[in-house]
Amino acid sequence: MLVKRGAEAELRRTEFLGRPAIEKYRTPKAYRLEALDDALRGSRIRHEARLMTEARAAGVAVPILYDINLVENKIIMEFIDGPTAKDVLDKGGPAAMKVARGIGQIVGRLHRAGIIHGDLTTSNMIVRDGRIVMIDFSLGGKDDGVEARGVDLHLLKEGLGSAHARAASFYREALRGYRETMGKMADEVIAKVKEIESRGRYT
């Protein structure tokens, strides 16, 4: 069953050895040479799977990878059942503030491991049994520079602002969680976010 069709991939509900699963299929692009297209799609699948594996090693909850098929350019992974972080934040209350803080902690763990998620929207986070599971690393990469971390955190702030009425409160709580996991390194990254925002005002 098709769950989502994006510009680069399709997500489908399926099963793997009797377990509920999600199949992520990298769709071919007719405007590219077939051999090049296959190579690019395979490379991006390997890259995303590697980031997910490293994120798990860093203490971030991600779906379990069941199968990586480089012939058909698809990944089969665990289906995560639960509301998105967006849904939880929209309801407000103590649970929302706890999730906001948890988001910051998770981003901090990723950054400490040199991982940039690249698409930090609250729709890419699923809350299962009180724990946030991070999904969709397709725009992610490896970079431990302050600029890359600042851009990632700025994307989170913008995502909160565009989707949530209490964005300022949620972002403050997320920064609290971020500082808890990043320690003193957090100050430099948060300062970089402010610098990035100032660039936007004068361009």
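Quick note: the coordinates plus some simple rules give every number you see, no bench work behind them. Note that the structure is predicted; figures quoted are calculated from it, not measured. Every residue, glycine among them, receives a Cβ derived from its backbone with ideal geometry; neighbour counts consider all protein chains shown.
Overview of values
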{"item": "Residue 1-residue 165 FRET efficiency (beta carbon distance; Förster radius 35 Å; 0.05 resolution)", "result": "0.60"}
{"item": "Sites matching trypsin sites (Lys or Arg not before Pro) across the stretch 1-49 that sit in DSSP coil, with at most 13 neighbouring C-beta atoms within 10 Å", "result": "32"}
{"item": "Neighbourhood charge, 14 Å Cβ-Cβ cut-off, centred on residue 59 and excluding it, Lys, Arg +1 and Asp, Glu -1", "result": "+2"}
{"item": "Positive minus negative residues near residue 151 (Lys, Arg vs Asp, Glu; Cβ under 10 Å)", "result": "-1"}
{"item": "Folded to 0 to 90 degrees: helix 185-201 orientation relative to the chain principal axis, Cα", "result": "90"}
{"item": "DSSP loop chymotrypsin sites (Phe, Trp or Tyr not before Pro) with at most 12 other Cβ within 10 Å: longest gap in the chain", "result": "32-201"}
{"item": "Helix-only [θ]222 nm of the chain, DSSP H runs n ≥ 4, -39500 (n - 2.57) each, per residue, nearest 500", "result": "-17000 deg cm²/dmol"}
{"item": "Set of the stretch 62-90 residues, backbone N closer than 13 Å to the point 7 Å along the Cα-Cβ line of residue 123", "result": "84-87"}
{"item": "Lysine pair count for the chain [Cα-Cα under 23 Å; pairs on different chains or 8 or more apart]", "result": "23"}
{"item": "For the chain, share of DSSP beta bridges that run antiparallel, in % to the nearest 5", "result": "95"}
{"item": "Residue 95 versus residue 36: modelled label distance in nm, points set 7 Å from Cα along the beta carbon direction", "result": "4.9"}
{"item": "Gain on full stretching of the segment that runs from residue 57 to residue 87 - 0.36 nm per residue minus C-alpha separation", "result": "8.1 nm"}
{"item": "Proximal charge balance of residue 141 [Cβ under 12 Å; K/R count +1, D/E count -1]", "result": "-2"}
{"item": "Loop sites in the stretch 120-203: trypsin sites (Lys or Arg not before Pro), DSSP, at most 12 other Cβ within 10 Å", "result": "184"}
{"item": "Separation of the residue 71 and residue 172 label points, Cα + 7 Å toward Cβ, nm", "result": "5.7"}
{"item": "FRET efficiency, residue 147 to residue 13 (Cβ-Cβ, R0 22 Å, nearest 0.05)", "result": "0.05"}
